[in-house]
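Below is one structure, written out as structure tokens; comments come after it.
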Ligand code: MG
Ligand code: MG
């Protein structure tokens, strides 16, 4: 199946758009007329340039306000169409999209529209061209693909077909299964877009909020399954109007678009009866079973500070790497590595971001399949020279250039630690921390869709709706991704200004990604006691917070007192309860969180975030202010 994307979906000037589309691996593109008009180049040269890049022009669009016009407007519309036919022939494409009319003078009537399309079909056929009719969700008379299909059916012309666009169908809540009645050879083209569920004017929603399939809340998979059931075998093309993408990096947007199409088609194959699973071109989404390790790049006094912090958290310095300056700290199932190498990848991460998380190991059921899927979706494999005695564990580049390793029963975890590390004699009695509960990544708001697409296409993970977190100095958007059993949880936090806690972390660390790691305990009060014996310094929480907690929840006086004494925050969600406490910020705004979930609590303590952020900011020196 050919993949395609409309030039309007990508930022940049016309050549930049083309370059990004070609680099992402698309087979073709839709020329959005405005992009072409803004470009200063002869249409024949433009067509040649596109073909020279290995791309096909799959569609020319849009041609507006054609059908249903009274004379003399009708004749003018046909003249306009003939001019665009000239242009299409110069560019070298045979298909034009005609979207349903919004013209105030347009008259209704399926037969009238069908007659116009029949006549235009005659004119197009003389030149070997084809025309496709698309129902805009806000069209004056035609705003439903079922009506557009009736127009096309009655036009009865081989050169006239329908163009389907997932946004127009799904935004109006039209059942996509109605598409199954259309013969596949009468569907000339399919455009895809997703969108977040926002209740607003259709036109405004479409022009500003469309996003890549899988990034929004529309059931694009159900739409595409219906399309495939017709026998359609033409291009599938992205047509995305999105304010963030207009200002984004062309290559990132194109790469995300291509990834979204491949993942969508994989889902369609796996979900469609009649399409054999063996038609899949990549392994299924990886099943994550947990976080195997988190590796920090660090050096000198910062590394010593981090080691001291881990010691107060009850970690044991369990082993050292045989040939590298790399120490392993463990507690329960948690492994934290501190890498102080002066060459190689972690050293460049340290030079770029300071002390930061440079590598995350995800435990999966099958590591080689996970990396194969990641590569099929366009991820870049990560390799660095392997010393003798070192294991070659499959890895890819993750978000913000960090590395993701995949670890399964065969590649580790036990073998890695046994083969490459020697035990270190020291030990600690621990603080009851068992596993990594979640990893929180911070990014600029524009990168969040890309981040969630990365994880949800690679792993079997669902996403919760985005929530707003109030920082005293701005807004932070937060989105949680979790595997069905909670074995892997990742939260993405998008900062819009550098004055927020998340934004200042990005500025200080030059866009490092992991800002906090949450570690689970089964009993937070016992953990708090042990931490306090270890000299751990929790983040101090205001007494006003506890007064409010007493008003909000039915907690006994003794429990409240224990919460306050240990600086533990509390939340409930109807499923269960959540307890959380924090370390003080270190290395430019990173921190550890300690959590206890009871029953099926599924959140992350979102309601507490403003108070946690305010407490952290009280401890961090405001920029430009002298240290007290
Ligand atoms: Mg469209
Ligand atoms: Mg958290």
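Here's the yes/no breakdown for (1) surrounded by fewer than 21 Cβ atoms within 10 Å (Cβ to Cβ); (2) closer than 23 Å to residue 225 by Cβ; (3) without any contact (Cβ under 8 Å) to a residue 24 or more places away in the chain:
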residue: 71; (1), (2), (3): yes, no, yes
residue: 120; (1), (2), (3): no, no, no
residue: 127; (1), (2), (3): yes, no, no
residue: 146; (1), (2), (3): yes, yes, no
residue: 160; (1), (2), (3): no, no, no
residue: 170; (1), (2), (3): no, yes, no
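Results for (1) touching a helix residue (DSSP H, G or I) at 6+ places or on another chain (Cβ under 8 Å); (2) under 24 Å from residue 147 (Cβ atoms), shown as yes or no for each residue.
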residue: 12; (1), (2): yes, no
residue: 34; (1), (2): yes, no
residue: 38; (1), (2): yes, no
residue: 44; (1), (2): yes, no
residue: 54; (1), (2): yes, no
residue: 69; (1), (2): yes, yes
residue: 83; (1), (2): no, no
residue: 92; (1), (2): yes, no
residue: 114; (1), (2): yes, yes
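For residue 9, the conditions (1) loosely packed, with under 15 Cβ neighbours inside 10 Å; (2) in contact with a strand residue (DSSP E or B) (Cβ under 6 Å, 6 or more places away or on another chain) are fulfilled apart from (1).
Screening the range 548-579 for residues that are out of contact with any helix residue (DSSP H, G or I) (no Cβ under 7 Å at 6 or more places or on another chain) and within 30 Å of residue 503 (Cβ to Cβ) and picking the one that is nearest to ligand 1 (Cβ to nearest atom) gives 573. Output yes when any residue across the range 75-91 is touching a residue at least 60 places away in the same chain (Cβ under 8 Å), in the same structural domain as residue 234 (by TED's automatic domain parsing) and surrounded by 14 or more Cβ atoms within 10 Å (Cβ to Cβ), and no when none is. Looking through the range 75-91, at least one residue is touching a residue at least 60 places away in the same chain (Cβ under 8 Å), in the same structural domain as residue 234 (by TED's automatic domain parsing) and surrounded by 14 or more Cβ atoms within 10 Å (Cβ to Cβ). Yes or no: residue 67 crowded, with 18+ Cβ neighbours inside 10 Å and more than 38 Å from the chain's Cα centre (by Cα)? So residue 67 passes the test.
Is it the case that the range 342-351 has a residue that's in contact with a helix residue (DSSP H, G or I) (Cβ under 6 Å, 6 or more places away or on another chain), surrounded by 19 or more Cβ atoms within 10 Å (Cβ to Cβ), more than 20 Å from residue 263 (Cα to Cα) and not assigned by TED's automatic domain parsing to the domain that holds residue 251? Checking the range 342-351: not a single residue is in contact with a helix residue (DSSP H, G or I) (Cβ under 6 Å, 6 or more places away or on another chain), surrounded by 19 or more Cβ atoms within 10 Å (Cβ to Cβ), more than 20 Å from residue 263 (Cα to Cα) and not assigned by TED's automatic domain parsing to the domain that holds residue 251.
Residue under question is residue 314, and the condition is that it be crowded, with 18+ Cβ neighbours inside 10 Å, over 27 Å from the mean Cα position of the chain (by Cα) and part of a loop (DSSP other than H, G, I, E, B); does it hold? The answer is yes for residue 314.
The values are calculated or read from the model by the stated rules, or taken from the named source; none is laboratory data. Because the structure is predicted, anything quoted here is derived from the model rather than measured. Neighbour counts run over all protein chains shown; Cβ positions are idealised from the backbone, glycine included.
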